[in-house]
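What follows is a set of notes on a single structure, which appears directly below.
The values are calculated or read from the model by the stated rules, or taken from the named source; none is laboratory data. Only a predicted model underlies this, so the values are computations on that prediction, with no experimental measurement involved. Ideal geometry is used to build each Cβ from the backbone, glycine not excepted, and the neighbour counts take in all protein chains shown. Heads up: the accessible areas ignore ligands, DNA and RNA and are worked out on the full protein's heavy atoms, side chains in. Shrake-Rupley method; radii C 1.70, N 1.55, O 1.52, S 1.80 Å.
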Amino acid sequence: MSRTGSKDHGDELLMRLGTLTAQARAAAEVQRSRVELAVALQRGMLPRGLPTGDGVRLAVRYVPANQGLNVGGDWYDAFTMPDGRIGLSIGDVQGHNIEAAAFMGQVRVGLRALASVDSDPGELLARTNELLLTLGADLFATCTFMRLDPETRVLESARAGHLPCVWATADGRSGVTEDEGGPPLGVQSGAVYPVTRYRLDHGGVFVMVTDGVVEGPSMLLDKGLERVSRLAGVAAVARMDADALAAAVIKGAAEVGHDDDAAVLVIGHEPPGQP
């Protein structure tokens, strides 16, 4: 082969490599923009303030996944309902993309809107389920919705395919709720969501989480829930405030080795005399 031919071949190879490099950079920039957009969309839809009342304290932590396409649709929400009770929800949308983040917003807004019509947790999930089915989306969401009366500290809970909650009392007892649940939202028409009632004891806590907190390659779900249960028990005995407990739970989420969103919502009661 002549030197001229070898040089031409090398120039062509360099041109091809340059083109591929430019294409890879463009694709990486598009992906970075998609991730930033999805994360901004998620954060923009989460509540900026949390209601309080009669010794009840709420605390949240939220860490969005941002590895590759793993930007999902976890959310938490807390708001005061027309009757003065507090609505609390946490959930997870199937999928890890912008569509999942947008669908999360639809579910959260739907729950808030329908709560002004019917605040019963079971009926609220049923109505939201039917609403999502009419949208014709291919996605679904798991969710827990709780209604808290700040005066009586009675919690009414309904679950749509979501993880159970963790509870703890001031004397150190703790565990995982065993209430019956229904199917995820947006899957089955006519679904029923049973309501279970609890009471938030003086100095007690309830912890709501998404699966990114308690389940991953490095930890099975049962072990993850057990870890949160132990943390809640220690926190209740030590009279740790809700914010500190939420921080401890989300910090421990790193142990599960997840690449998913992680959300925590803590409902706590401060005993008399505690600031």
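Values as computed for the structure displayed
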{"read-out": "Odd one out for GLU151 among (1) open to solvent by 60 Å² or more (accessible area, probe 1.4 Å); (2) of a type outside the set (Val, Ile, Thr); (3) in contact (Cβ under 8 Å) with a residue 24 or more places away in the chain; (4) not in a loop (DSSP other than H, G, I, E, B)", "value": "(4)"}
{"read-out": "Count of segment 187-226 residues which are open to solvent by less than 20 Å² (accessible area, probe 1.4 Å) and either of a type in the set (A, V, I, L, M) or in contact with a helix residue (DSSP H, G or I) (Cβ under 7 Å, 6 or more places away or on another chain) (or both)", "value": "14"}
{"read-out": "Test: ALA101 is open to solvent by less than 40 Å² (accessible area, probe 1.4 Å) and either small (Gly, Ala, Ser) or assigned to a helix (DSSP H, G or I) (or both)", "value": "yes"}
{"read-out": "Qualifying residue in segment 179-192 (condition: closer than 30 Å to MET240 by Cα and at pLDDT 95 or above)", "value": "no"}
{"read-out": "When residues of segment 109-133 are limited to those that are more than 20 Å from LEU155 (Cβ to Cβ) and open to solvent by less than 30 Å² (accessible area, probe 1.4 Å), the one modelled with the highest pLDDT", "value": "ASN129"}
{"read-out": "Hits in segment 167-183 (condition: free of Cβ contacts under 8 Å to residues at least 60 places away in the same chain and part of a loop (DSSP other than H, G, I, E, B))", "value": "THR177, GLU178, ASP179, GLU180, GLY181, PRO183"}
{"read-out": "Qualifying residue in segment 158-166 (condition: touching a Pro at 6+ places or on another chain (Cβ under 8 Å), in a strand (DSSP E or B) and open to solvent by 40 Å² or more (accessible area, probe 1.4 Å))", "value": "yes"}
{"read-out": "Criterion (under 16 Å from the mean Cα position of the chain (by Cα) and more than 19 Å from SER119 (Cα to Cα)) met by exactly one of GLY203, GLY161, GLY233", "value": "GLY161"}
